[in-house]
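Trainee: Before we start, here is the structure in question, set down as structure tokens.
The values are calculated or read from the model by the stated rules, or taken from the named source; none is laboratory data. Since we're looking at a predicted model, the values are computed, not measured. Reconstructed Cβ throughout: ideal geometry from the backbone, glycine too, with neighbour counts over all protein chains shown. Heads up: the accessible areas ignore ligands, DNA and RNA and are worked out on the full protein's heavy atoms, side chains in. Shrake-Rupley method; radii C 1.70, N 1.55, O 1.52, S 1.80 Å.
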Amino acid sequence: MERLASAALQSQNMSTDPNGPSQPAPFQPDLAPPDVAQAKSAPGAIITVRHGRPNVSRKVMLNAAEYAAWWGRYEETGLKPGQVPPPSLMDIVRKAAVVLSSSRIRAVETAEALTEGRGFEIDDSLIEAPLPPPRWPSWLRLPPTVWGVIARFWWWFLNHHEGQESRKQAEARAQAVAARMTELARQGDVVIVAHGFFNTMIRRYLRRIGWTIVESEGGLSYWCRRRLVR
């Protein structure tokens, strides 16, 4: 899965605090994907975009509880000032028929920068999958990037979710998003401004129903994008 989103994308975009920002209601995992033959007639592409750099420092050492609280604050953080979106990405957004953003502040501010005053839809179903760390001893202190890889591994492979959205529920959500984006692509190009790991999950389901990544820019960094066609 894109190398588990390159070691959980250095743990930069996931929600952890069960009392913090809300998670969407789980989608049902048996949602039927759109008809493949019908979807092939869609004129548009689907472009997944990762948000810009958040205004938060990762130069800290944290134990598990502190990391969970740190991610809770991160979920309420906007973009670091002074960023300029890539011109190529701006051009793609100008030509898109539909632009959607995760409801997290960092994604909304990214979409605002990209759309230049044009309207876009804010969608709770595009938020990042949760990232609760394992309950390890308080004396163990690690940087956020390391905690992110550990927490994502436990969430993905060991079903560690601390009462938050489970992997199964997040996969159902990604499947539902993929189905909806396929329908929206009938109008033309669709741009999704969301988060690194959940974008990877969306693409996973898009590829299962016949979409292909034909263009990639920025690797897994902030402002990166993938273009899928069918």
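Trainee: Which FRET efficiency value, to the nearest 0.05, do you get for Trp136 and Glu217 by plugging their Cβ-Cβ distance into 1/(1 + (r/R0)^6) with R0 = 41 Å?
Mentor: Details: r = 37 Å, r/R0 = 0.90.
Efficiency at R0 = 41 Å is approximately 0.65.
Trainee: Go through segment 205-210 residue by residue and turn each phi into a ³J(HN,Hα) via Karplus (6.51, -1.76, 1.60, θ = phi - 60°); whole Hz please, and just put x for glycine and proline.
Mentor: Rounded to whole hertz, the list is 6, 4, 5, 5, 9, x.
Trainee: Just for the Cα atoms in segment 116-211, what are the lengths along the principal axes, largest first, rounded to whole Å?
Mentor: 54, 33, 21
Trainee: Can you list the GluC sites (Glu not before Pro) in segment 73-150 that are in a DSSP coil and have 16 or fewer other beta carbons within 10 angstrom?
Mentor: Glu76, Glu116
Trainee: Right, next: Ignoring ligands and nucleic acids, what accessible area does Glu215 show with a 1.4 Å probe (Å², nearest 10)?
Mentor: Accessible surface of Glu215 is approximately 70 Å².
Trainee: For segment 40-131, just list the percent of Cα-Cα distances falling in each 5 Å bin from zero outward, please.
Mentor: 2, 11, 21, 21, 17, 12, 7, 5, 2, 1, 0
Trainee: Still on this structure: For Ile122, enumerate residues with amide H under 5 Å from its amide H, sequence gap 5+ or separate chain, H modeled in the peptide plane.
Mentor: Correct list: Ser101.
Trainee: Between segment 74-90 and segment 139-213, what is the separation of their alpha carbon centroids in Å?
Mentor: 20 Å
Trainee: By how many nm would the segment from Lys168 to Thr77 grow when fully extended, if each residue of separation counts as 0.36 nm and the alpha-carbon distance is taken off?
Mentor: Full-extension gain reported as 30.1 nm.
Trainee: Sticking with this one: Taking R0 as 25 Å, what's the FRET efficiency between Arg118 and Ser88 from their Cβ-Cβ distance, rounded to 0.05? If you can, show how the numbers build up before the last one.
Mentor: Values: r = 18 Å, r/R0 = 0.70.
That gives a FRET efficiency of 0.90.
Trainee: Could you list the residues of segment 141-165 with an amide nitrogen less than 19 Å from a label point located 7 Å from the Cα of Met61 in the Cα-to-C-beta direction?
Mentor: Within reach of a label on Met61: 141-150.
Trainee: Across segment 173-184, in residue order, what do the Karplus-derived ³J(HN,Hα) couplings come to in whole Hz, using 6.51 cos²θ - 1.76 cosθ + 1.60 with θ = phi - 60° and x for Gly and Pro?
Mentor: Here the 3J(HN,Hα) series is 5, 5, 5, 5, 4, 4, 5, 5, 5, 4, 5, 5 Hz.
Trainee: Once ligands and nucleic acids are excluded and a 1.4 Å probe is used, how much of Trp154 is accessible, expressed in Å² to the nearest 10?
Mentor: 80 Å²
Trainee: Leaving out ligands and nucleic acids, note down the accessible area per residue over segment 91-172 with a 1.4 angstrom probe, in whole Å².
Mentor: Per-residue accessible area for segment 91-172 comes out at 44 Å².
Trainee: Work through the residues other than Val214 whose Cβ is under 14 Å from its Cβ and net out their charges, Lys, Arg +1 and Asp, Glu -1.
Mentor: Once all neighbours under 14 Å are counted, the net charge is +3.
Trainee: Net charge near Gly52: determine it from the other residues with C-beta under 9 Å of the C-beta of Gly52, scoring Lys and Arg +1 and Asp and Glu -1.
Mentor: +3
Trainee: Applying 1/(1 + (r/R0)^6) with R0 = 30 Å to the Cβ-Cβ distance of Ala97 and Arg53, what FRET efficiency is obtained, to the nearest 0.05? Intermediate results must be reported in sequence, preceding the final value.
Mentor: Details: r = 28 Å, r/R0 = 0.92.
Calculated value: 0.60.
Trainee: Return the long-range amide H neighbours of Ala129 (sequence gap of 5 or more, or a different chain), with a cut-off of under 5 Å between placed amide H atoms.
Mentor: Phe198
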